[in-house]
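The values are calculated or read from the model by the stated rules, or taken from the named source; none is laboratory data. Predicted model only: the values in this text are computed from it and were never measured. Here the Cβ positions follow ideal geometry from the backbone for every residue, glycine too, while neighbour counts run over all protein chains shown. Only protein heavy atoms, including side chains, enter the accessible area calculation; ligands, DNA and RNA are left aside. Shrake-Rupley method; radii C 1.70, N 1.55, O 1.52, S 1.80 Å.
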Amino acid sequence: MNLNTQAGIKAIQLEKLQAGIEELQSSNLFYKSRLHEVNSWNDFYDLPFLTKAELVEDQQRTQPFGTNLTYPLGDYVRLHQTSGSSGGRPLRWLDTGKSWLWWTGLWANHIYKGAGITSEDRIFFAFSFGPFVGFWSAYAGAERLGAMVIPGGSMGSEQRVLAIKELEPTVLCSTPTYALRLAEVGAQMGIDLSKSSIKKTLHAGEPGASIPSTKRAIETAFGASVYDHTGMTELGPTGFTCSAGDGVHFIESEFIFEVIPIGADPDPRSTQSEGTGELVVTNLGRFCSPLIRYRTGDLVELSRNPCSCGSLFVKAVGGIQGRVDDMFTVRGINLYPTQVEEVLMRYSEIVNFQIRHEKIRHMDEVSLLLETRDGTDKVVEKVVLDLRHSFGVRIDCKCVPSGTLPRNEMKAKRVVHVQS
Ligand SMILES: [Zn+2]
């Protein structure tokens, strides 16, 4: 494998794709009518896009697992499902022993490696180990790396803080929001996690670890270096933060990444390999239930500028910048929750927030609910000014009592669309 040139990477991608398509063509009912032979990149660009709605529909029609199965059911060893956080029905996704090894190999060889995490580390997983793949794959990848794994499932936040204090892990794996929650609970217990054994924190599930102000807040709370990771249940682990720390490299030896413009009805023949838009991904190591040209709904800016870490893999600058569907409009200005989060998390007084989006007489009205550390609204005026300065529009902010907004170890729900 020659991963030292762009041409080498492209050759590997095509080779893996061809082998995978050959493997699934005779047995995978889902792809039977969607695929044709792929002998060149032109053939690939002729293939249609795939959407999550199509997958959901397939699983509803053929329950419980749908038809995107290349092998007999007996060959599959793991079932996970999506959190359903985007409002849709959860998707169920199966892995074989071989594809699970692919997952864990990507964790060991790319994601942990990118963060400089080694077999000497002790990793604490603040995660419930439910049906969501979340950190299951991270856990199995850490075992493969030879690190010591510490499961923090079925523990409350206080127990987790105590576990960190007593077991002295060097790495924390959690969502970014939950890391901040743990630090807050620690402070309430009189335990300062910035003085704990944690040297690195590794995050997924939300864009936070690539949002500069959120990243800084976690760095300060734990006195640690903060790393992001991207992935999706139905796709696999797609990216990792390198030493440059300004985005996420996508693992191009195991996936094909493309971008399409937002808003238009995109033409499968005119995708880009860099630039800003919706991310489209093909996985190349999971042909038991593959996704070919899958529209992720994630907003990214892909850059092929050389990175100081030396990796040739494309970089999503600033990580995943949001969900395409989460965009909202305030007096003609289009905004994503991540942009709002970047402003709010500059304030150490703010511990949690929610964006309320309401349509009143066909007009978009947006307001922010803030939870503050001391329960007062002293910071509100400054925040409103700051938001106005950043986006050129006034966005009303209101403080709510501590504990009003939902907070758990899974993805934070940042935007609430209110019907009126
Ligand atoms: Zn890099």
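One compactness figure for the chain is 0.99, namely its Cα radius of gyration divided by 2.2 N^0.38 Å. Return the single residue from 131, 72, 212 with maximal mean-square fluctuation; model: Gaussian network over the chain, springs between Cα atoms under 10 Å. Between 131, 72, 212, it is 72 that shows the largest mean-square fluctuation. Legend note: in the chain, cysteines whose Cβ sits 4.7 Å or more from every other cysteine Cβ are 173, 288, 307, 397, 399. Compared with the alpha-carbon gap, the fully stretched path from residue 305 to residue 394 is longer by 28.5 nm at 0.36 nm per residue. For the chain, the solvent-accessible area of protein heavy atoms averages 44 Å² per residue (probe radius 1.4 Å; ligands and nucleic acids excluded). If a spin label sat at a point 7 angstrom from the Cα of residue 75 along the line to its beta carbon, the backbone N atoms of the range 263-294 nearer than 13 Å would be those of 286-290. Solvent-accessible area of residue 32, all protein chains in place: 120 Å² (probe radius 1.4 Å, heavy atoms, ligands and nucleic acids excluded).
Packing, as the average of other Cβ atoms within 10 Å across residues, places the peptides 342-349, 284-291 in the order 284-291, 342-349, highest first.
Couplings 3J(HN,Hα) for the range 60-68, derived from phi with the Karplus relation 6.51 cos²θ - 1.76 cosθ + 1.60 (θ = phi - 60°), are 6, 6, 10, 8, x, 10, x, 10, 7 Hz, where x marks Gly and Pro.
Using R0 = 25 Å, the C-beta based FRET efficiency linking residue 362 and residue 413 works out to 0.50.
Please quote Rg/Rh for the range 327-418 to two decimal places, taking the Kirkwood radius as Rh and restricting both calculations to Cα atoms.
On the way: Rg = 12.7 Å, Rh = 13.5 Å.
Dividing the radius of gyration by the Kirkwood radius yields 0.94.
Taking only protein heavy atoms and a 1.4 Å probe, the accessible area of the range 232-391 is 48% carbon and sulfur. Taking one quarter of the surface of the convex hull spanned by the alpha-carbon atoms of the range 32-96 gives a direction-averaged projected area of 5.6 nm². Just the protein heavy atoms count here, and of the accessible area of the range 71-121 at 1.4 Å, carbon and sulfur take up 52 percent. Look at the alpha carbon pairs under 8 Å that are at least 6 residues apart: their mean separation over the length of the chain gives a relative contact order of 14 percent.
Think of each Lys and Arg Cβ as +1 and each Asp and Glu Cβ as -1; about the Cα centre, that makes the dipole of the chain roughly 520 debye.
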